[in-house]
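*Asks:* Sharing a structure below in structure tokens format, with a few things to ask.
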Amino acid sequence: MVDELGNQVQDATQPTSAGAAQRQAAEEEGPRALSARKPGVVGRFLNTCRNLVAGIAAPRWDLRTFLYGLIALLILVLFIHNWAPVRIDLLGWKFQLPMPVFFLINLALGALLLRLWQIYGPDGHEETQ
């Protein structure tokens, strides 16, 4: 049956089956070919990376974000400027490291010691009964 716009319309009085409608839709679509190749290890890794990166939200741009970026840029410039190696004598060991690497190692060791002090050190106050 054809409506006034020239589109095919089924008559509501004729019963239709769901299977016939699906077959007709499949015939109109034509054959579908799927790839026989599944993504390999690298493809799966790249898909995982793509999904992780897609979930990252951009930071909001306000004064705090600008100041953090400015501080990070200043630290980066200082690290690049002071990249000269320094000689370190530690308990009889002698080695050379770039100054920023030595600074980061000291920072990490200090943070670790502070955390251990917080966990295992004295509480700093006495309990009264």
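Only the coordinates and a few stated rules stand behind these numbers; no lab work does. It should be emphasised that the depicted structure is a prediction, and the values quoted were computed from it without experimental measurement. A quick note on method: Cβ atoms are made from the backbone with ideal geometry, for glycine too, and the neighbour counts reach across all protein chains shown.
*Asks:* Given a Förster radius of 41 Å and the C-beta distance between Asp123 and Arg37 as r, what FRET efficiency does 1/(1 + (r/R0)^6) yield to the nearest 0.05?
*Replies:* Working: r = 62 Å, r/R0 = 1.51.
The value I calculate is 0.10.
*Asks:* Taking amide H positions as placed 1.01 Å from N in the peptide plane, with prolines and chain starts having none, which residues 5 or more places from Leu97, or on another chain, fall under 5 Å of its amide H?
*Replies:* Placed amide hydrogens put Val86, Ile88 under 5 Å from Leu97.
*Asks:* For the pair Asp62/Trp83, report the inter-label distance in nm, with labels modelled 7 Å from Cα in the Cβ direction.
*Replies:* Placing both labels 7 Å beyond Cα along the Cβ direction yields 3.6 nm.
*Asks:* Under the Karplus relation 6.51 cos²θ - 1.76 cosθ + 1.60, θ = phi - 60°, what is the ordered set of whole-Hz ³J(HN,Hα) values for region 80-87, x standing for Gly and Pro?
*Replies:* Result, ordered by residue: 5, 5, 9, 7, 4, x, 10, 8 Hz.
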